Each structure stands twice: as C-alpha cells, then as structure tokens.
Amino acid sequence: MPQTDPSYARLPERFFAHVAPARVRAPKLLALNLPLAARLGLDAEWLGSPEGVAMLAGNAFPEWATPIAQAYAGHQFGGFVPSLGDGRALLLSELLPPGGGRFDLALKGSGRTPFSRGGDGRAWLGPVLREYLVSEAMAALGVPTTRALAAVATGETVLREQGALPGAVLVRVAASHIRVGTFEFFAARRDTEALATLAEYARARHYPQAEGPLGLLTGVVANQAQLIAQWMSLGFIHGVMNTDNMAISGETIDYGPCAFIDAYHPDKVFSSIDRHGRYAFAQQPNVALWNLAQLASALLPLIGEGETGVEPATAVLDGFWPAFAKALNGLFAAKIGIAAPRESDTALVETLLARMARQGADFTRVFHGLANGTAREEFAEPAAFDAWAEGWQARLSQEADPKAVMRAANPARIPRNHRIEAAIVAATAGDMVPFERLREALALPFDTRPEWDDLAEAPAPHEAVARTFCGT
C-alpha cells in the first residue's frame with residue numbers, strides 16, 4: 001500500500017464534493033507508465049491486476065482513496081464562469097513517494113460529478129491517448145507538467161459529435177490540481193475565510209519559503225514566466241489557456257486542443273473553438289499575464305485594502321515580463337548554440353524566426369538541423385537562411401562548443417499532430433502498436449535513431465492537422 005495523505009480532502013467541504021464510484025462495463029489497461037509508477041512508490045504488478053485496473057478505471061477504490069471532485073471557477077475565453085469544477089475528474093488521494101514530494105493521483109473521464117453541468121463525465125479514447133503522449137513528451141523535454149500514469153479502456157461507448165466512440169479514462173498525476181480558477185471560485189463568492197485557507201494551503205504546499213499571499217503570488221508569477229518561455233522555445237501551443245487551466249504549481253495542465261507547431265507562424269492557432277486567436281502561439285505570454293492578474297485580483301482581500309494591496313500586487317505582476325524575457329532569451333540563445341547570451345543575440349533569433357514564418361519552415365526541424373547542417377533544407381528559398389547564417393556563424397565563432405549547446409536544446413522529435421492522430425485511429429481500431437512506438441520514441445526526444453527518423457518528419461500536406469478539438 002502506498003503512503004498517502006489526502007490533505008485537500010481535509011479542507012472545508014465547500015472546497016470539493018465527495019463522489020461515489022461509477023462503474024464501467026469492461027475495464028482494460030491500455031498503457032501503464034512503469035517508470036512513473038516506480039517513482040511514486042506504486043506496485044506496478046498490483047496496478048496491472050484486476051483489482052488495480054478496477055481502481056484505475058474508477059470501478060472500485062482501495063481503502064486509502066478518498067475520491068473527491070474539486071470546486072473551481074474560471075475565465076473561459078475572457079468570460080467569467082462562476083462555477084466549473086471537476087465535472088469528469090476525481091482526485092483519489094495524495095501520494096507521498098519514498099523519494100519525497102507530494103502528488104495528486106486523479107482520474108479523468110471517470111463519470112459525472114456535481115460539477116458536470118449536464119455532461120456525461122466521460123472521455124473517449126482519442127483525448128486520453130493525446131494527453132498521455134503529449135504530457136509524457138513534455139516531461140521528457142524537461143517542461144513542468146502533469147503526468148500520465150495510465151490509460152484504461154472502459155469497454156463502453158461515449159456519444160460525441162463524431163458519433164459513438166470507445167470510452168477511456170486517463171490516470172493523471174500532478175503536483176496539485178489547484179488552479180487560478182480555484183481562487184476565483186471563492187473570490188467571486190466573497191468568501192474571504194475560504195480564500196485565506198486556500199492561499200495558506202497552496203503557499204505551504206508549493207512555495208513554503210514564501211511569506212503570505214503576496215509571496216504566493218510572487219512564486220506563481222515566477223514559475224509561470226519560466227513555463228511559458230519553455231513552451232515558446234519548443235513551439236508548443238496550449239490551445240485553451242483559461243484561468244481554470246493554469247496551475248498554481250507552475251505545471252502545464254489540461255491538454256485539450258494542444259499542439260506543437262509544424263510550419264512556424266507566430267499567429268498559429270490549433271483549437272477548434274478559438275475563432276479569434278485569443279490563444280494563438282505568440283499570444284501565450286500575454287494571456288499568461290492576464291490570467292495572473294486575475295489571480296492577483298482574487299488575492300487582493302488578503303494582500304491589503306485599497307492601494308495598500310494594489311501597489312505591491314502590481315509590482316509583482318510587473319516582474320513577469322522581465323522574468324519571461326530573460327528565460328526566453330536564454331532558451332532561444334541555446335537553440336542557436338549560444339551558451340552565454342548577449343543582448344544583441346535577441347535580434348539574431350528574431351530575424352531567424354521572421355524568415356521561418358515567411359518561408360513556412362518547420363520549427364523543430366530548423367532548430368534541430370542547425371547543429372548538423374540541414375536547417376537550410378527546411379526553407380522554400382534556402383538563400384533566406386544563408387543570408388541569416390552568415391551573421392550567425394560569425395557569432396558562433398566566439399562560442400566554445402556551440403554544437404553541444406544546440407544538441408542539448410533542440411529535440412529531434414516532438415509529438416506531431418499527424419502522428420498522434422494516426423496512433424488514435426489505430427487504437428480506435430484495436431491496434432496499440434503505433435501508440436507504443438510513439439510513446440517509446442518521445443521518451444527520448446534528443447536521441448537520433450534511424451528507426452525513428454520517420455517520426456521526426458514534418459507532415460506531408462495531406463497529413464497536416466489544422467485543428468485539434470477542445471474539451472471532450
């Protein structure tokens with residue numbers, strides 16, 4: 001039995017709802033993350049047993065589980081929704097692994113909760129496998145993220161716009177599931193007591209060295225600045241950066257219409273419902289700061305009355321852009337082989353990105369190709385790259401080992417949309433081999449292996465995926 005401590009379930013009951021298990025017909029384990037299970041101190045053999053699979057599917061829970069659905073609110077595409085909550089997710093407990101730390105163990109797609117708002121609370125196989133692959137790829141790339149412990153087929157069908165689809169449950173691990181929207185939930189109700197309880201709980205859990213609500217805000221701003229810079233340096237688009245999808249811990253959470261850019265363009269949008277580009281690639285830092293401002297507003301009653309609270313909170317928010325810019329400049333400098341960036345290097349990176357956008361060059365393949373001389377092949381007009389490369393080579397002559405820096409910063413493979421979609425199609429037909437191959441390759445994103453070369457290729461025009469779907 002793992003060591004657990006359901007601390008969130010000991011908070012006042014208005015923070016969550018107790019939820020009874022909802023059974024599914026024929027649970028079947030599709031994927032189990034063995035390294036993560038070992039890290040969490042979980043017995044992989046037990047997880048694969050009928051009893052373990054029953055828990056992973058939401059059919060039955062061991063005595064150490066305390067299933068709850070968390071309450072939260074959120075700004076969705078700029079509009080405030082005062083009550084959202086875990087409509088199809090259950091927090092089972094918090095694990096205290098032997099190596100230290102505290103991690104939520106949760107199910108996603110496990111059935112209705114009091115926050116379901118008319119939904120069926122289920123998930124179909126496609127989004128479950130997408131989140132599994134992308135979140136684990138992000139972890140392998142060194143990006144703070146929720147993790148996927150398992151994917152389980154339910155043996156049932158769920159009805160979506162596409163018709164009847166195979167049901168599944170994702171077993172998700174997170175530093176916590178506390179969101180900006182969790183604070184907004186209580187702020188909207190003017191429940192200062194609950195707000196203070198939540199702020200102290202989040203501070204103690206995630207930022208124990210911080211002092212009070214302002215220290216909590218400072219920590220969240222710093223972590224989000226670093227996180228968004230990492231997203232940008234990898235060409236990642238979250239797709240739906242609502243405040244209920246921003247984790248206080250600084251982890252990437254809720255992989256809905258997410259994607260990695262193929263042909264680079266700063267205005268790229270993948271979400272099927274983001275019709276105005278609110279969450280486009282280049283907009284992500286602006287949206288992050290907007291979301292952080294909502295957190296600051298929610299915390300104001302705890303920070304201070306009037307200007308006493310507004311001034312220090314604003315000063316913390318003002319620190320976002322310098323922190324983000326410093327992180328982003330360092331990450332992109334490394335991508336072009338510069339270990340110790342100078343201020344002038346920013347223009348060098350921006351010029352390359354502008355030419356990539358005009359030429360429709362593949363983001364990942366250009367940067368990965370810088371170290372081995374193949375980057376120019378990604379440009380429709382290689383002369384555009386050659387003109388940039390002259391100044392770049394002059395700058396690299398001042399670096400000790402630029403190729404080593406580039407190889408450490410630029411993955412050979414990312415979870416490309418067309419490969420994920422192909423794996424989902426195969427899995428829907430009962431074939432998990434493409435999923436397993438992709439999972440194995442994405443666990444080693446910086447390794448160049450001939451047997452995985454096809455997974456690093458950009459999509460052909462007929463393979464390109466223009467939109468990924470939000471929500472269910």
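Within the stretch 247-265, the residues that satisfy the criterion of being open to solvent by less than 10 Å² (accessible area, probe 1.4 Å) and among the hydrophobic types (A, V, I, L, M, F, W, C) are A247, I248, I253, C258, A259, F260, I261.
Being in a helix (DSSP H, G or I) and among the charged types (D, E, K, R) is the filter here; which residues of the stretch 48-78 pass it?
Selection gives E51 alone.
When you look at A153, is it among the aliphatic types (A, V, I, L, M), under 23 Å from R467 (Cβ atoms) and over 12 Å from the mean Cα position of the chain (by Cα), yes or no? In short, no. The residue that is least open to solvent (accessible area, probe 1.4 Å), among those in the stretch 389-407 that are closer than 29 Å to R437 by Cβ and either free of Cβ contacts under 8 Å to residues at least 60 places away in the same chain or touching a helix residue (DSSP H, G or I) at 6+ places or on another chain (Cβ under 7 Å) (or both), is M406. For the stretch 427-440, a tally of residues being part of a helix (DSSP H, G or I) and either under 23 Å from the mean Cα position of the chain (by Cα) or buried (at least 16 other Cβ atoms within 10 Å of the Cβ) (or both) returns 8.
Residues of the stretch 324-350 that are of a type in the set (A, V, I, L, M, F, W, C), within 25 Å of D386 (Cβ to Cβ) and surrounded by fewer than 18 Cβ atoms within 10 Å (Cβ to Cβ): A339, A347. Within the stretch 36-47, can one find any residue that is among the small types (G, A, S) and open to solvent by less than 20 Å² (accessible area, probe 1.4 Å)? Yes, some residue in the stretch 36-47 is among the small types (G, A, S) and open to solvent by less than 20 Å² (accessible area, probe 1.4 Å). Here G99 meets the list (1) of a type outside the set (V, I, T); (2) under 23 Å from Y72 (Cβ atoms); (3) open to solvent by 20 Å² or more (accessible area, probe 1.4 Å) almost entirely, failing just condition (2).
Here is a yes/no grid of residues against (1) closer than 26 Å to D262 by Cβ; (2) assigned to a helix (DSSP H, G or I); (3) over 31 Å from the mean Cα position of the chain (by Cα):
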position: V310; (1), (2), (3): no, yes, no
position: F324; (1), (2), (3): yes, yes, no
position: F332; (1), (2), (3): yes, yes, no
position: I338; (1), (2), (3): yes, no, no
position: T346; (1), (2), (3): yes, yes, no
position: M356; (1), (2), (3): yes, yes, no
position: G373; (1), (2), (3): yes, no, yes
position: A380; (1), (2), (3): yes, no, yes
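The values are calculated or read from the model by the stated rules, or taken from the named source; none is laboratory data. Every value quoted in this text rests on a predicted model; they were computed, and no experiment measured them. FYI the Cβ positions are ideal-geometry reconstructions off the backbone, even for glycines, and counts take in every protein chain you see. Surface accessibility is based on the protein's heavy atoms, side chains included, excluding ligands, DNA and RNA. Shrake-Rupley method; radii C 1.70, N 1.55, O 1.52, S 1.80 Å.
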